[in-house]
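Each remark here refers to the structure printed beneath this line.
The values are calculated or read from the model by the stated rules, or taken from the named source; none is laboratory data. This structure is a prediction, so every number in the text was calculated from the model and none was measured. Heads up, the Cβs are rebuilt from the backbone with ideal geometry, glycines too, and the neighbour counts pull from every protein chain shown. For accessibility, only protein heavy atoms count, side chains too; no ligands or nucleic acids. Shrake-Rupley method; radii C 1.70, N 1.55, O 1.52, S 1.80 Å.
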Amino acid sequence: MKWFAVAAYLFAAVKVSAVEPDELLGDPGLESRARAISENLRCLICRNESIDDSSAELASDLRKIVREQLLAGKSDEEVYAFVVDRYGEFVLLKPSFKGANVFLYASGPIMFAVGGVVCALYVRRRRASSRKEDYLQKDERDRLEKILGD
């Protein structure tokens, strides 16, 4: 049973950071700020991975840029602004809620609502068509009632 515990531990999802030891800052406060910023920046090669998790060369360059900006005395907002000015807003894992992004954020709920309205209209139309009373003529209905009555 011990082997199962060891195997489970080895295969467990563990968050691995790609930050190299030579990239680390000596000041723990600056390093924690750099790590927090790096977790919110997208690797432009890996797409859905932060630069803190990516081992791509461009991600390493971005981590170095973040650390250089922090060593220069820039605030977190200034570092984000610098990176966004240089690489575009796509580099942010959580883009801002302004401009064209408002449409992107709103498009999901809007499409869900439109789909709901379309479904409701379809169901309503189906129920209305199934409620039509008679598909048979009077003489056909009388004949059917006579057959069913016997």
Does region 132-145 contain at least one residue that is of a type in the set (D, E, K, R), at pLDDT below 85, open to solvent by 80 Å² or more (accessible area, probe 1.4 Å) and under 30 Å from ARG42 (Cα atoms)?
no
I'd like the residue in region 60-114 that is within 21 Å of CYS43 (Cβ to Cβ) and in contact with a Pro (Cβ under 9 Å, 6 or more places away or on another chain) and, out of all such residues, is surrounded by the fewest Cβ atoms within 10 Å (Cβ to Cβ).
LEU104
Scan (1) closer than 30 Å to PRO28 by Cβ; (2) assigned to a helix (DSSP H, G or I); (3) in contact (Cβ under 8 Å) with a residue 24 or more places away in the chain for the single condition ASP53 breaks and write down its number.
(2)
Answer with yes or no whether ASP52 is under 23 Å from the mean Cα position of the chain (by Cα), of a type in the set (Asp, Glu) and assigned by TED's automatic domain parsing to the domain that holds ARG33.
yes
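Conditions tested, residue by residue: (1) of a type outside the set (Gly, Ala, Ser); (2) outside any helix (DSSP H, G or I); (3) modelled with pLDDT of 80 or more.
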site	(1), (2), (3)
ARG47	yes, yes, no
LEU62	yes, no, yes
VAL66	yes, no, yes
LEU70	yes, no, yes
VAL79	yes, no, yes
VAL83	yes, no, yes
PHE97	yes, yes, no
ASN101	yes, no, no
